[in-house]
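Here's the structure we're looking at; comments come further down.
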Amino acid sequence: MEIIMIIFVFIIVLLISSILNILFKMTEKKHWIISLLLSVLLALIIVAILGG
C-alpha cells in the first residue's frame, strides 16, 4: 500500500516540477535529472511523514 502512495505522490511532484521547468525555461538535461531526484526524495519524505 505504501508503494502505491509513494508512486502517486512521486507522479504529482514530478508533474509540478516539470511544469515549473517548462515555465522557467530550464529544459537542459541536468535540470530534468535534478527534478527527478528531488521528486523521489520529496515523495519518500511526504509519505513517511503522512503515512507514519
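The values are calculated or read from the model by the stated rules, or taken from the named source; none is laboratory data. The structure displayed is predicted, hence computed values, not measured ones. Cβ atoms come from the backbone with ideal geometry, glycine included; neighbour counts cover every protein chain shown. Keep in mind that these areas ignore ligands, DNA and RNA; they rest on the heavy atoms of the full protein, side chains included. Shrake-Rupley method; radii C 1.70, N 1.55, O 1.52, S 1.80 Å.
A few remarks follow.
- On Cα atoms only, tilt of 2-23 relative to the major axis of the chain in degrees: 20 degrees
- Degrees, to the nearest 10: 29-51 long Cα axis against longest axis of the chain: 20 degrees
- Matching the structure-derived Cα Rg over 2.2 N^0.38 Å against the labelled list (i) 1.65; (ii) 1.07; (iii) 1.20 gives the label (iii).
- Sorting MET26, MET1 on solvent-accessible area from highest to lowest, probe radius 1.4 Å, gives MET1, MET26.
- Over the chain, Cα pairs under 8 Å with separation of 6+ residues give a relative contact order of 55 percent.
- Highest mean packing comes first when the peptides 17-23, 38-44 are listed by Cβ atoms within 10 Å, giving 38-44, 17-23.
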